[in-house]
Amino acid sequence: MSRAILWFRNDQRLADNAALTAALAAHEEVLPVLIIDPRQHGPTPFGFDRCGPYRTHFLREGIAALDAELRSKGSALHVRVGEPATELTHLAQVWGARVVHAQQLYAWEEQEQERAVARVLDLRLHAPNTLLLPGDLPFPLHQLPHVFTAFRQKVEKLSPVRPLLRAPAHIPSPATWKGRAVAENDLCSGSIVGDHRAVLRFTGGRIAGLERLDHYLWGSRALGHYKETRNALLGADNSSKLSPWLATGALSAREVWHAVKRYEAEHGANESTYWLGFELLWRDFFQFTAAKHDRDLFLRGGIAGKPRRGDHDRRRFEAWCSGRTGQPFIDANMRELAATGWMSNRGRQNVASYLVHDLGLDWRMGAWWFEHMLIDHDPCSNWGNWQYVAGVGNDPREGRRFDPERQAGMYDAVGAYVRHWS
């Protein structure tokens, strides 16, 4: 009996899952496993936990949804807590499965996990959750352009988006494989209270992600004016808000792309439909940047190796976290984040700039706080964007400061957003 472990990571879906497809093609039985690595949920260097209550709650919902989908296919999800190499080795011994199939990830810690597992088991890595696959790029990853525009110009016409992989009708697992659902103490989320001012109720899992995709493209047809409204600060449909489900892999980037193409076939293409694909390329760029630069994405000097800047003053940092800096536009955005685990892209750029360029703090404090708070945290996009704003990453300019007064005048001219989050 050929048996393999399917190691779920940031891929909470059965459709368009290359690791699952490969495991089913090569083995008679598949053992779906998800490992919660406590090192990625413990304290940051600045004292607060890496995974806060909003992201934890969203992750828990997504894991439960994945288990339910697996059970509908005749299998189940086995959730364990510990270092992946240790936990997978134990399961491999118990179940007689030496092969592990998994999605490849590009952030430094995830690469370290892969290296540790590969030392003890036959680890077979499969396509990442990117729009374009590394092997389809017109250059090797170590020659990735430093600037996004150069990357986009090279890949837009030369790199195809692969077709989607179908979800299996059935997943054969041993008759005695009952799985183990996520337990309360596996992910201690604390209590969260829904805020009536929230722009959207985000629910983890694939069903909710597909519902959001369907609503944004066909229910509201808001995609048709995405470019014009994407910087608006209030309203559920001014932007796609698909990033939480992309971050957990409940949706694949290719699924979103192909859905946009179907929308264009039905309703026509315009700048807005192009722009959503443009944003997916930005996401790819940060994923591939992480693969190229390894640990440097998380170091103070960044991938540019710049001199250290910024201090660690707790008073200024805590004022920024809680929305008490005295700058109304910045404080409104930080209050939304504190109350909901969400903030618009326009808000993120502004509060990051304010922490670095106005408060003079170490940019990594903000990156860690976003990792703690954001339900859509993805290490490559989060840390890549923070480096960009701080001037130690891919930005060809020295530093990108946003004037909060001018930004408020452009995007909250009548003060509706500031009042909403006062």
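The values are calculated or read from the model by the stated rules, or taken from the named source; none is laboratory data. Worth saying up front: this structure is predicted, and the values here are computed from it rather than measured. Ideal geometry is used to build each Cβ from the backbone, glycine not excepted, and the neighbour counts take in all protein chains shown.
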Residue within the range 246-254 that is basic (Lys, Arg) and within 15 Å of the chain's Cα centre (by Cα) present | yes
Which is assigned to a helix (DSSP H, G or I) and of a type in the set (A, V, I, L, M), of 79, 117?
-> 117
Residues being within 19 Å of residue 164 (Cα to Cα) and surrounded by 21 or more Cβ atoms within 10 Å (Cβ to Cβ): count how many of those fall in the range 19-40.
-> 3
Selected residue [in a loop (DSSP other than H, G, I, E, B), among the aliphatic types (A, V, I, L, M), within 24 Å of residue 275 (Cα to Cα) and not assigned by TED's automatic domain parsing to the domain that holds residue 303] from 210, 187, 158 = 158
Is the range 261-270 home to any residue that is touching a residue at least 24 places away in the same chain (Cβ under 8 Å), buried (at least 16 other Cβ atoms within 10 Å of the Cβ) and within 21 Å of the chain's Cα centre (by Cα)?
-> no
Residue 258 passes all but one of the listed conditions (1) part of a helix (DSSP H, G or I); (2) without any contact (Cβ under 8 Å) to a residue 60 or more places away in the chain; (3) over 30 Å from residue 36 (Cβ atoms); the exception is number (2)
Scanning the range 227-254 for residues that are assigned to a helix (DSSP H, G or I) and in contact with a Phe, Trp or Tyr (Cβ under 6 Å, 6 or more places away or on another chain), which turns out farthest from residue 382 (Cα to Cα)?
-> 227
Among residues of the range 337-351, those that are without any contact (Cβ under 8 Å) to a residue 60 or more places away in the chain and either more than 19 Å from residue 363 (Cβ to Cβ) or among the hydroxyl-bearing types (Ser, Thr, Tyr) (or both), counted | 1
Considering each of 386, 363 in turn, give the residue that is hydrophobic (A, V, I, L, M, F, W, C) and under 19 Å from the mean Cα position of the chain (by Cα).
-> 386
Go through the residues of the range 2-17 one by one and say whether even a single one is surrounded by fewer than 19 Cβ atoms within 10 Å (Cβ to Cβ), hydroxyl-bearing (Ser, Thr, Tyr) and over 26 Å from the mean Cα position of the chain (by Cα).
-> yes
Restricting attention to the range 315-336, does a residue exist that is touching a residue at least 40 places away in the same chain (Cβ under 8 Å), farther than 29 Å from residue 106 by Cβ and either β-branched (Val, Ile, Thr) or in the same structural domain as residue 109 (by TED's automatic domain parsing) (or both)?
-> yes
Residue ID - surrounded by the fewest Cβ atoms within 10 Å (Cβ to Cβ), chosen from residues in the range 224-244 that are touching a residue at least 40 places away in the same chain (Cβ under 8 Å) and within 22 Å of residue 129 (Cα to Cα) = 241
Are there any pairs, at least 6 apart or on different chains, whose C-beta atoms fall under 6 Å, with the first in the range 163-175 and on the phi > 0 side of the Ramachandran plot and the second surrounded by fewer than 17 Cβ atoms within 10 Å (Cβ to Cβ) and assigned to a loop (DSSP other than H, G, I, E, B), and if so, which?
-> none
So which residues in the range 393-420 are assigned to a loop (DSSP other than H, G, I, E, B), out of contact with any Leu (no Cβ under 9 Å at 6 or more places or on another chain) and not polar (S, T, N, Q)?
-> 395, 396, 397, 398, 399, 400, 401, 402, 403, 413, 414, 415
Can you name the residue in the range 302-328 that is among the aliphatic types (A, V, I, L, M) and assigned to a loop (DSSP other than H, G, I, E, B) and is also modelled with the highest pLDDT among such residues?
-> 303
Residue that is surrounded by the most Cβ atoms within 10 Å (Cβ to Cβ) [pool: residues in the range 393-422 that are charged (D, E, K, R) and over 23 Å from residue 340 (Cβ atoms)] | 395
If you go through the range 354-361 one residue at a time, do you hit one that is within 22 Å of residue 234 (Cα to Cα), in a helix (DSSP H, G or I) and in contact (Cβ under 8 Å) with a residue 40 or more places away in the chain?
-> yes
Is there a residue in the range 54-73 that is part of a loop (DSSP other than H, G, I, E, B) and closer than 25 Å to residue 175 by Cα?
-> yes
Any hit, the range 270-293, residues being in a loop (DSSP other than H, G, I, E, B) and at pLDDT 95 or above | yes
